[in-house]
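Working notes, structure below.
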Amino acid sequence: MKVTRLDELPAEGSRSRRVAIGTFDGVHRGHREVISGSDTVLTFEPHPMAVINPEAAPKVLTPFEIKRDLIEGLGVEELVVIPFDRDFAAREADEFVTDVLAGRLNAERVSVGENFRFGNRAKGDADLLRSHQEFETRVVPLVEVAGETVSSSHIRGLVAAGEMARAAEFLDGPFLFEREVVHGDHRGRELGIPTANLVPEDHTVVPGHGVYAAWAHGHPAAVNVGVRPTFDSGRGVLVEAHLIDFDGDLYGQRLRVAFLERMRGEKRFDSVDALVEQMGRDVERARDICARVPA
């Protein structure tokens, strides 16, 4: 899949495109329906709310690298990224349609969700798109799963609550988290259960505190999310992934974790021995869960 910034495209599109437009945070089932049948996805980075109203901006489910890979997995040929800033936010909706969709992208079809809004003060909507004859407009109704509307905000709540299986139903796959592996206290190695330590970014969604079964780097993993209360480290939230049956050095590498199931909550143990015993049980349970869910 080709990834291109909008400003790198010629002012007049060189080929016709079937374009899906959206922020697509999560690339969930609703987003996938919007993208279906499109050869090009047009998206925004950062999340528009981070520019328009930073105080109200939601935490991001899928940072760009994950969003890019998920979209590529849908068979899209081209991902066009709009570097979203205040100047772009101030553009009128009609200008966006004429200059971007009909102009640079030479769209023959435009696909959006029914609640998609765009342009200055969000004045642009599906009706405005339909009023333009330069392209066909496809408006996708909201998608439901088991009677609930699929939305990024609902999925954020499920992930924060540790309800990974339920979140996966809406996402059409596991929740993915990725960061660079950094040095920690090396306490896991001392305990015989070494972990890859990942420090979450403030603007991204993190699963609720607890211990999870996951896949990481092609290996089953037991993953702790939290503050390690047994040791009173005073550090912030950390994601610690123990890759089962893995022996290697991951420092400095980016590690992508696919969360499957929350096995238990995070708790303080009376002794290190009690913690190690529980960690051993966590590892075996994670191994069993991963055996049932292919990587």
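The table below lists the values:
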{"item": "Approximate spin-label separation ASP69-VAL199, in nm, with each point projected 7 Å along Cα-to-Cβ", "result": "2.2"}
{"item": "The range 202-271: chymotrypsin sites (Phe, Trp or Tyr not before Pro) in DSSP loop, at most 14 other beta carbons within 10 Å", "result": "PHE231, TYR251"}
{"item": "Unit charges on C-beta of K, R, D, E only; dipole of the chain, Debye", "result": "320"}
{"item": "Unit charges at the beta carbon, dipole of the chain: most positive-side option, THR4, PRO294, VAL80", "result": "PRO294"}
{"item": "Antiparallel bridge percentage (DSSP; both residues within the range 2-148; nearest 5)", "result": "10"}
{"item": "Per-q log10 I(q)/I(0), the range 174-292, q = 0.17, 0.18, 0.20, 0.21 Å⁻¹ (Debye; single scatterer per alpha-carbon; no solvent)", "result": "-0.79, -0.90, -1.15, -1.29"}
{"item": "Max mean-square fluctuation residue, GNM over the chain, Cα-Cα springs under 10 Å, options PRO141, PRO48, PRO174", "result": "PRO141"}
{"item": "Three-way shape call for the range 56-95 based on the alpha-carbon gyration tensor, with the a/c threshold at 1.5", "result": "oblate"}
{"item": "In the range 1-110, the trypsin sites (Lys or Arg not before Pro) that fall in loop regions by DSSP, at most 10 other Cβ within 10 Å", "result": "ARG15"}
{"item": "Virtual spin-label span in nm between PHE269 and GLU8, 7 Å along Cα→Cβ", "result": "4.8"}
{"item": "Kirkwood-based shape ratio for the range 2-148, expressed as Rg/Rh from alpha carbons", "result": "0.93"}
{"item": "Contact order relative to length of the chain, as percent, for alpha carbon pairs under 8 angstrom and 6 or more apart", "result": "17"}
{"item": "Among beta bridges that DSSP assigns inside the chain, antiparallel share in %, nearest 5", "result": "60"}
{"item": "Euclidean distance between Cα centres, the range 14-36 to the range 263-278, Å", "result": "44"}
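Every read-out reported here was derived from the displayed coordinates using simple, explicitly stated rules and does not represent laboratory data. Note that the structure is predicted; figures quoted are calculated from it, not measured. When we count neighbours, we look across all protein chains shown, and the Cβ atoms used for this are built from the backbone with ideal geometry, even at glycine.
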